[in-house]
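One structure below.
What follows is calculated from the coordinates using simple rules that are stated; it is not laboratory data. A quick note: this is a predicted structure, and the numbers were derived from the prediction, not measured. Cβ sites come from the backbone with ideal geometry, for glycine too, and all protein chains shown count toward neighbours.
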Amino acid sequence: MILRPEAGAGTRAVWAGEENLFSHGATVVPVYQSVLYAHDTVEAWHDAIRQEPRDVYTYARTSSPTCDALERKLAQLDGAERSLSFATGMAAVSSVLLALLKPGDRLVSIKDTYGGTNLVFRDYLPKFGIDVELVDTDDEQSLRAAVKRGCRLLYLESPTNPTLKILDLESCARMAHDVGALVVVDNTVATPINQLPLRNGCDIVLHSATKFLSGHSDVLAGTVSGSSELLRPIARFRGILGTVLSAQSASLVLRSLMTLELRVRRHNENAQAVAEFLAGHRLVEKVFYPGLPSHRGHAVARRQMAGFGGMLSFLPRGGLAASRTLLNTLQLAHLGSSLGSVATLAGLPETTSHAELSPEEFRATGIAANLVRYSAGVENAADLIDDLAQALTAIDS
Ligand SMILES: *Cc1c(COP(=O)(O)O)cnc(C)c1O
């Protein structure tokens with residue numbers, strides 16, 4: 001199957017990647033459960049070990065056919081030369097950082113990264129002699145100054161989780177490349193349907209595929225995309241550390257990707273409708289969603305995103321007690337710590353994106369404790385709005 005270069009994301013999500021792996025006319029890639037792959041001769045075996053990237057397999061910790069199909073599809077969706085799959089989003093994050101950085105290097109990032117990533121920056125990278133500077137997400141001048149002071153890797157997230165702040169990816173890529181630094185973007189909240197950071201000049205894009213890419217809260221996975229050259233040391237590191245994805249999980253992600261474009265369009269519509277409803281409600285103090293013209297990053301988001309995403313956050317009036325009542329009253333939302341599922345999910349950041357932080361560390365993030373994070377599912381928008389309306393009534397009484 002040769003896809004036309006102009007094929008849309010929905011077409012690529014369905015048709016790209018699996019073509020080498022169908023047999024007997026199957027239309028779904030099998031779960032290759034095999035750990036080892038046998039060879040006809042020792043000479044063929046010898047050649048297989050030295051091939052990179054491999055489409056002759058030797059041992060599943062290095063590469064395997066089901067994961068390969070997933071990686072080929074992802075490369076097509078991210079607009080990348082190559083993709084790699086990982087056991088979790090955090091395995092993807094830590095493998096990229098540890099494979100690309102060495103003692104004495106400096107990493108610059110923002111304060112609003114995902115809680116787990118923030119912990120890697122603060123507690124683990126310094127242990128390996130890597131200097132880390134975290135800058136206020138909304139302060140591009142400080143970011144530029146920090147990068148200019150010396151930087152090997154600029155690590156970004158946009159939109160951020162749960163604050164929905166927007167960074168100008170093109171401008172960030174330029175400032176990093178001016179000092180010879182690499183730019184890595186965690187694109188989990190946007191998805192490749194809404195945003196393609198590699199097109200904005202960034203070098204590596206990663207996703208927690210546990211979220212929208214899988215979309216059904218039934219599998220943990222992570223992905224990394226970029227040039228073959230940049231990904232080579234990361235692939236090697238993955239094979240040595242063993243942060244690979246299982247074939248079973250790869251199969252689930254592959255199945256989910258077939259509907260990615262369809263789901264993300266619905267997530268976008270629902271989040272926009274919910275954000276507009278909340279923004280007009282007297283019991284809501286503030287709504288954070290890049291699709292609202294009042295959002296500080298709206299103009300940049302319009303430029304670099306094809307859709308504004310399925311996640312928003314908001315501050316109900318009445319502090320933490322009101323937020324708790326509202327969440328406890330919602331019917332059409334799991335109170336659970338993830339995002340990007342077909343079912344709406346809601347929670348407070350202290351128990352979701354930043355659950356790994358201590359109370360003191362959480363306070364230091366500056367995120368309001370009563371901020372409600374809302375990941376709109378693929379239900380009907382009218383029902384989600386009715387549900388929020390009744391929950392808001394409950395905080396009024
Ligand atoms: C969930 C998440 C991660 C971590 O992914 P896991 O699959 O849970 O390891 C990283 N970044 C962002 C933005 C996330 O939301």
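Just how large is the dipole of the stretch 270-397 about the Cα centre, in debye to the nearest 20, putting +1 at every Lys and Arg Cβ and -1 at every Asp and Glu Cβ? Don't skip to the end; give the middle numbers.
Numbers: 9 positive and 11 negative charges, 94 e Å.
Around 440 debye, computed over the stretch 270-397.
Once the Cα atoms of helix 89-100 and of the chain are each reduced to a long axis, what angle between those two axes, in degrees from 0 to 90 to the nearest 10, is obtained?
Orientation of helix 89-100: about 60 degrees from the principal axis.
Among Thr351, Thr365, Leu196, whose Cα sits farthest toward the positive end of the charge dipole of the chain (+1 at Cβ of Lys/Arg, -1 at Cβ of Asp/Glu, about the Cα centre)?
The residue sitting farthest along the positive end of the dipole is Thr365.
To the nearest 500 deg cm²/dmol, what mean residue ellipticity at 222 nm is calculated for the chain from DSSP H runs of n ≥ 4 alone, each contributing -39,500 (n - 2.57), summed and divided by the residues?
-11500 deg cm²/dmol
Where the only charges are on Cβ atoms (+1 Lys, Arg; -1 Asp, Glu), what is the dipole of the chain about its Cα centre, to the nearest 20 debye?
It works out to roughly 380 debye.
So how compact is the stretch 274-397: Cα radius of gyration and Dmax in angstrom?
14.2, 42
What does the extension gain come out to for His46 and His298, with contour length at 0.36 nm per residue minus their alpha carbon separation? Show your work: numbers first, answer last.
Values: separation 252, 0.36 × 252 = 90.72 nm, distance 5.45 nm.
Contour length minus Cα-Cα distance gives 85.3 nm.
How much of the DSSP beta bridge set in the chain is antiparallel, as a percent to the nearest 5?
Bridges in the chain that DSSP calls antiparallel: roughly 55 percent.
Using a 10 Å cut-off on Cβ atoms, rank the peptides 114-120, 178-184, 330-336 from the highest mean neighbour count down.
114-120, 178-184, 330-336
Between Arg317 and Asn380, 0.36 nm times their residue separation minus their Cα-Cα distance comes to what?
20.1 nm
What ranking, highest mean first, results for peptides 28-35, 213-220 when packing means the other Cβ atoms within 10 Å averaged over each residue?
Numbers: 28-35: 15.2, 213-220: 20.5.
So the peptides 28-35, 213-220, ranked by packing, come out 213-220, 28-35.
Find the relative contact order for the stretch 22-71 and round it to a whole percent, using C-alpha pairs within less than 8 Å whose residues are 6+ positions apart.
37
Considering Cα pairs under 8 angstrom that are at least six residues apart, work out the relative contact order of the chain and quote it in whole percent.
This gives 17 percent for the chain.
Which one, Tyr155, Thr41, Gly280, projects farthest toward the positive side of the charge dipole computed for the chain from Cβ point charges (K/R +1, D/E -1)?
The residue sitting most towards the positive pole is Tyr155.
Over its Cα atoms, what ratio of radius of gyration to 2.2 N^0.38 Å does the chain give?
Dividing the Cα Rg of the chain by 2.2 N^0.38 Å gives 1.00.
In whole angstrom, how far apart do the alpha carbon centroids of the stretch 63-94 and the stretch 171-186 sit?
Distance between centres, Cα-based: 22 Å.
When the convex hull of the C-alpha atoms of the stretch 24-164 is computed, what volume per residue in Å³ does it have?
168
Can you give the charge dipole size of the stretch 208-271 about its Cα centre, rounded to the nearest 20 debye, using +1 on the beta carbon of Lys and Arg and -1 on the beta carbon of Asp and Glu?
In debye, rounded to 20, the stretch 208-271 gives about 60.
Which residue, chosen from Pro5, Val264, Thr113, occupies the Cα position most advanced towards the positive end of the dipole of the chain, where the dipole is computed from +1 (Lys, Arg) and -1 (Asp, Glu) charges on Cβ about the Cα centre?
It is Thr113.
Where the Cα atoms of the stretch 138-255 are projected onto their three principal axes, how long is each span, largest first, in whole Å?
45, 32, 21
If you average the sequence gap of Cα pairs under 8 Å that are 6 or more apart and divide by the length of the stretch 249-360, what percent do you get for the contact order?
This gives 19 percent for the stretch 249-360.
Taking the Cα atoms only, what angle lies between the long axis of helix 319-329 and the longest principal axis of the chain, rounded to 10 degrees?
Approximately 70 degrees, to the nearest ten.
Sorted by mean Cβ packing within 10 Å, highest first, what order do the peptides 204-211, 227-234 take?
204-211, 227-234
Between Arg232 and Ser337, 0.36 nm times their residue separation minus their Cα-Cα distance comes to what?
Between Arg232 and Ser337, full extension yields 34.5 nm more.
Measure off 7 Å from each Cα along the Cα-to-Cβ vector at Leu36 and Ser171, then give the distance between these two points in nanometres to one decimal.
Label at Leu36, label at Ser171, 5.6 nm between them.
What FRET efficiency, computed as 1/(1 + (r/R0)^6) with R0 = 22 Å and r the Cβ-Cβ distance, is obtained for Trp15 and Asp218, rounded to the nearest 0.05?
That gives a FRET efficiency of 0.40.
Averaging over all projection directions, find the projected area of the Cα convex hull of the stretch 187-296 and quote it in nm² with one decimal place.
Here the figure is 9.1 nm², rounded to one decimal.
Relative to the longest principal Cα axis of the chain, at what angle does helix 381-396 sit, 0 to 90 degrees, rounded to 10?
Result, in degrees: 40.
As an exercise, identify the GluC sites (Glu not before Pro) in the stretch 308-397 lying in DSSP coil whose Cβ has no more than 14 other Cβ atoms within 10 Å.
Counting only loop positions with at most 14 other Cβ atoms within 10 Å, none of the GluC sites (Glu not before Pro) in the stretch 308-397 qualifies.
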